[in-house]
Amino acid sequence: AVEERVQRLKSLCLDAPDPVIYIEPFGYDQPLGAIQSHNNTGLDASHPLARTLMAMAQEFLESDKQVLLIVGDPSSGKTVFVRQLERELWGEYTGSDDPIPILVNLPEFGNTATDVLGQVLKSKGFHSEHTQLLRRNKRQFILICDGYDEAQVQGNIYNQNRFNRDGQWIVKLIIVCRSDKIGRDSDSRFQLEVDNRYSPKKLDQFQRVAIASFTLRQIRGYIERYVEKQLQVVVQQSFGVGQDVVQHRPSEVPLTSESSRVWNVQHYMERLADIPNLMELVKNPYILSFIMELLPKTMSSTEQQTLGRLTEYGFRTACMEYLKNLVVEIFTKQGGGPVVEYSYLRHKNTSPWKAKFFGPDPETRLLQESVPLINSGSFYRFAHPSLLQYLYSLAVFDPNGCDDGDSGDYGNSGNGNPTGGCILSSSNLEDLKRDKQGLVSTSSPGSLKERGQALEREQTLGKGRHWRKDTSWELSTLQIA
């Protein structure tokens, strides 16, 4: 029954999803009594003295030493490491002859001076008879204590719990703590004492290591894993493609407008190098993790220049002209179908009109992301069907615009006039007039085509001022910019 509960602990650990990206950290031995509140700026993983932290932990477990203290700067990856260590130790566990790894968050237990291991086992569902049996049978444990600096521990956990003494728990103790919480006399809180208080401390059974900061190679490795996970999420949401395809057969990953927008590794590395001092900051794993989220939301110099040109021209005007040109193409190329499918590789040559509105050009992307379009995978549609109809009526006649035949299309007009206008050319407008069936159904009263014809009649009668009044909410309604 006891071993069944141990196996259950193993399953809970190994079956739990681990969303954190794990990059093998490095560490180095620190002399006893060392004070280094910012140790990560001293040595990084490329230093000759640095070794993988996992290898150092395994060496400790195979040695006669009893206490391992791991120190690191805030957010240097201490918790991520001990979670990975627990997973690997459980992966090696085969039965009662192997030590039982237990990861504990010390702040969850108020009293760490009295039978802390018994408290942990009880919290994990072990009854008192189970814990007594484990102790009598001298089962070995690897107790990994996280959050030492947050637990306000008083005294020496190892000595207070009398680990490895007659009738007590057989334990290898690993403690992780922030380096700025370690003073010159702090090692006494971790060193072992013998039963005779006049005997010297067992210094040879205590080891202290510090986590080294990330190198450029580790940063790149993290970014590679991050990009892989981002692409996996996008592709799974769009096509249900599994992780194995993304990781091992990337050529089979379907390209969509969303997947093509996932930054590649080189893009991230270039942006990190472009921003002064940022590469030094991301040597800290936690800072690196949230910088990865923020970087795609920042603008490159090219994007900033594009925004500057659009702002100089009139950003709202450019957005309105983008929208009106888009609805014209929707009605002329796909009969008014409200959903546009666009994938860069599939449509860049076969449907150039789609690339004009959804392609990778910086100006196109900036405009597309600034207007009320909803993107789902490789499909685009307006936030509300009424927007498509309203914008099509503006394409037929824009009351805020120009004289007949003068197009204010951004990027196409010769004079760069930022005013609106009739996006449809005279020939296209005549084609619509001659099309008796129309591009939209006229089976219901007040249909889109009838509204367009009414607008034309008003223009002919010189009542443009009336229509200007009725549509004066154009920009304030769309709230573009």
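The values are calculated or read from the model by the stated rules, or taken from the named source; none is laboratory data. What you see is a predicted model, and the numbers here were worked out from it, not measured in a lab. Neighbour counts run over all protein chains shown; Cβ positions are idealised from the backbone, glycine included. All accessible areas refer to the heavy atoms of the entire protein, side chains included, with ligands and DNA or RNA removed. Shrake-Rupley method; radii C 1.70, N 1.55, O 1.52, S 1.80 Å.
Backbone phi angles across segment 388-399, fed through the Karplus curve with coefficients 6.51, -1.76 and 1.60 (θ = phi - 60°), yield HN-Hα couplings of 4, 5, 5, 5, 5, 5, 5, 5, 6, 7, 9, x Hz in residue order; Gly and Pro are listed as x. Tell me whether segment 307-372 comes out rounded, prolate or oblate; compute the Cα gyration tensor, take square roots of the eigenvalues as a ≥ b ≥ c, and use a/c under 1.5 as the rounded threshold. Oblate, since a/c reaches 1.5 and b/c is not below a/b. Taking every protein chain into account, the 1.4 Å probe leaves Met54 with about 10 Å² of accessible area, to the nearest ten.
Remark: the Leu133-Asp29 segment gains 33.7 nm on full extension, using 0.36 nm per residue and subtracting the alpha carbon distance.
Distance from the Cα centroid of segment 320-367 to that of segment 55-106 is 55 Å (rounded to whole angstrom). For Ser300, the amide hydrogen comes within under 5 Å of no other amide hydrogen, counting only partners 5 or more places away or on other chains and with H modelled in the peptide plane.
Treating each Cα of segment 284-410 as one equal point scatterer and applying the Debye formula with no solvent, the log10 of I(q)/I(0) at q = 0.17 Å⁻¹ comes out as -0.98. Remark: the Cα gyration tensor places segment 67-110 in the prolate category, a/c being 1.5 or greater and a/b exceeding b/c.
For segment 260-308, the spread of Cα positions along the three principal axes, ordered from largest to smallest, is 34, 25, 16 Å.
For the pair Leu12 and Leu307, a Förster radius of 30 Å applied to the C-beta separation gives a FRET efficiency near 0.05, rounded to the nearest 0.05. Label sites at Asn264 and Glu88, each approximated as a point 7 angstrom past Cα along Cα to Cβ, lie 3.2 nm apart. Among 109-118, 79-88, 353-362, sorting by the average number of other beta carbon atoms lying within 10 angstrom of each residue, highest first, gives 79-88, 353-362, 109-118.
I need the shape label for segment 265-342. Rule: rounded when a/c is under 1.5, else prolate if a/b > b/c, else oblate, with a, b, c from the alpha carbon gyration tensor. The shape class here is prolate.
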